[in-house]
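S.K.: Got a structure for you, written out below as structure tokens; questions coming shortly.
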Amino acid sequence: SWYFLKKCHERNLIYQGVDVMPWCARCGTAISDMEIATEGYKELTHLAIYVRFKLLNRPNEFLLVWTTTPWTLTSNTAVAVHPELTYVKLENNGSIYYLAKNCLEVLKGQSKIIEEFPGKKLIDLTYEGPFDYLPVQKGVHHKVIPWEEVSESEGTGLVHIAPGCGKEDFALSKQFNLKVIAPLDELGVYLSGFDWLTNQSVKDITEPIIQDLKKRGILYKTEKYTHRYPVCWRCGSELVFRLVDEWFISMDELRYEIMESAKKVERWVPAFGLARELDWLRNMGDWCISKKRYWGLALPIWQCQCKHFTVIGSKEELQTKAIEGWEKFEGHSPHRPWVDQVKIKCEKCGQPALRIPVSY
């Protein structure tokens with residue numbers, strides 16, 4: 001494994017980056033796409049909610065937004081619409097709502113359509129966020145953005161965007177310069193700046209959040225929603241999506257090399273295996289290789305204070321480069337805490353470099 005990572009580094013494929021990753025709050029670690037793809041989904045039923053986002057400077061007019069993860073509403077900074085889908089402005093129970101035309105079945109009672117138009121007409125509208133009173137939301141400019149991945153097959157055709165809680169959301173934040181609010185620590189507990197939510201666990205918060213929305217008059221309705229949801233393959237806990245600082249292998253080039261290798265396999269069992277493999281490789285993100293836990297093989301990355309890092313390919317290579325601590329590591333398996341005793345000389349500035357305190 002060390003040798004493989006060294007070869008990746010020689011091709012400039014290993015990097016440290018910030019991204020939203022699936023995260024197990026019980027195990028306190030990121031879960032890679034590969035771990036989820038193999039055995040990481042269960043059919044689960046959650047409480048989905050419809051929320052009224054009040055448009056600014058438009059009295060009694062609302063965007064009707066649907067989400068299956070109420071906890072992420074605390075970190076909302078945008079709403080996405082499909083620029084070419086048909087949306088409607090309508091009156092329902094005394095209020096004006098905007099949603100996709102093909103999603104009208106979600107409404108309660110009688111509705112009267114006032115206008116039809118493409119989603120691009122909604123772009124740049126501004127609204128009051130569902131949790132504007134939280135300290136972390138101070139100064140956030142909430143707006144409607146275009147996104148061609150928006151679907152009208154479920155929900156309302158208006159997608160709640162929380163860049164600190166979703167991978168696609170985070171990518172959109174870079175494209176549209178959205179503020180990123182990351183609400184959870186490694187144990188799935190709300191951080192400071194979230195008022196009454198601070199120090200509360202994400203697994204216990206759905207009902208209190210719903211009651212808060214209801215009390216403030218912006219909850220439209222709730223419904224039970226059954227879907228495939230990612231879980232931790234180790235402990236079975238439901239995963240959350242969390243903004244993290246991790247180490248990755250870039251798949252931009254590597255995915256195509258692996259695809260070509262897969263095509264050379266003469267026989268797949270079952271026969272559709274190749275198509276599945278190619279589809280997975282085509283759509284997978286960069287490979288997260290770091291785990292902030294003791295159980296796991298230590299990542300062979302030594303980093304200096306100047307931020308330059310070296311990837312070691314074997315214990316033998318580490319011994320030749322060690323300037324301190326080898327005698328404390330020799331004879332032990334490549335795990336913490338023994339391997340952490342070894343220091344090497346930074347190839348860039350000459351100062352001692354320490355192993356990064358993560359595993360894989």
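S.K.: Among the listed residues E207, E223, which satisfies the condition of being at pLDDT 95 or above, part of a strand (DSSP E or B) and acidic (D, E)? Give the derivation first.
M.R.: Numbers: E207 fails: part of a strand (DSSP E or B).
Matching residue, one of E207, E223: E223.
S.K.: Restricting to region 104-113, name every residue that is open to solvent by 60 Å² or more (accessible area, probe 1.4 Å), of a type outside the set (V, I, T) and in a strand (DSSP E or B).
M.R.: Selection gives K112 alone.
S.K.: Here's another thing I want to ask about it. Would you list the strands (runs of 3 or more DSSP E) that sit entirely within region 1-103 and hold 2 or more residues that are small (G, A, S) and over 24 Å from D245 (Cβ atoms)? Let's see the steps before the verdict.
M.R.: On the way: elements: 14-24, 41-54, 61-67, 78-81, 86-92, 95-100.
Of the strands (runs of 3 or more DSSP E) lying wholly inside region 1-103, those with at least 2 residues that are small (G, A, S) and over 24 Å from D245 (Cβ atoms) span 95-100.
S.K.: Quick one: L281 ticks every box in (1) at pLDDT 90 or above; (2) of a type outside the set (K, R); (3) under 26 Å from the mean Cα position of the chain (by Cα); (4) at positive phi bar one, so which box is it?
M.R.: Only one criterion in (1) at pLDDT 90 or above; (2) of a type outside the set (K, R); (3) under 26 Å from the mean Cα position of the chain (by Cα); (4) at positive phi is unmet by L281, namely (4).
S.K.: Identify the residue in region 312-343 that is assigned to a helix (DSSP H, G or I) and among the aliphatic types (A, V, I, L, M) and, among all such residues, is nearest to L354 (Cα to Cα).
M.R.: V339
S.K.: Checking I301 against (1) modelled with pLDDT of 95 or more; (2) open to solvent by 10 Å² or more (accessible area, probe 1.4 Å), which test does it fail?
M.R.: (2)
S.K.: Look through K138, K167 and report the one residue that is surrounded by fewer than 18 Cβ atoms within 10 Å (Cβ to Cβ), at pLDDT below 95 and among the basic types (K, R).
M.R.: Numbers: K138 fails: at pLDDT below 95.
From the options K138, K167, the qualifying one is K167.
S.K.: Next up: Which of the following residues is of a type in the set (D, E, K, R), surrounded by 11 or more Cβ atoms within 10 Å (Cβ to Cβ) and closer than 27 Å to Y97 by Cα: R242, R234, R216? Don't jump to the end; show me each part of the working.
M.R.: On the way: R242 fails: closer than 27 Å to Y97 by Cα; R234 fails: closer than 27 Å to Y97 by Cα.
Step by step, each of R242, R234, R216 is checked, and only R216 is of a type in the set (D, E, K, R), surrounded by 11 or more Cβ atoms within 10 Å (Cβ to Cβ) and closer than 27 Å to Y97 by Cα.
S.K.: Determine whether W66 is at pLDDT 95 or above, open to solvent by 30 Å² or more (accessible area, probe 1.4 Å) and in contact with a helix residue (DSSP H, G or I) (Cβ under 9 Å, 6 or more places away or on another chain). I'd like the intermediate steps shown before the answer.
M.R.: Numbers: at pLDDT 95 or above: yes; open to solvent by 30 Å² or more (accessible area, probe 1.4 Å): yes; in contact with a helix residue (DSSP H, G or I) (Cβ under 9 Å, 6 or more places away or on another chain): yes.
When the stated conditions are applied, W66 passes them.
The values are calculated or read from the model by the stated rules, or taken from the named source; none is laboratory data. The structure displayed is predicted, hence computed values, not measured ones. For neighbour counting, all protein chains shown are included, and Cβ atoms are generated from backbone atoms with ideal geometry for every residue, glycine included. Only protein heavy atoms, including side chains, enter the accessible area calculation; ligands, DNA and RNA are left aside. Shrake-Rupley method; radii C 1.70, N 1.55, O 1.52, S 1.80 Å.
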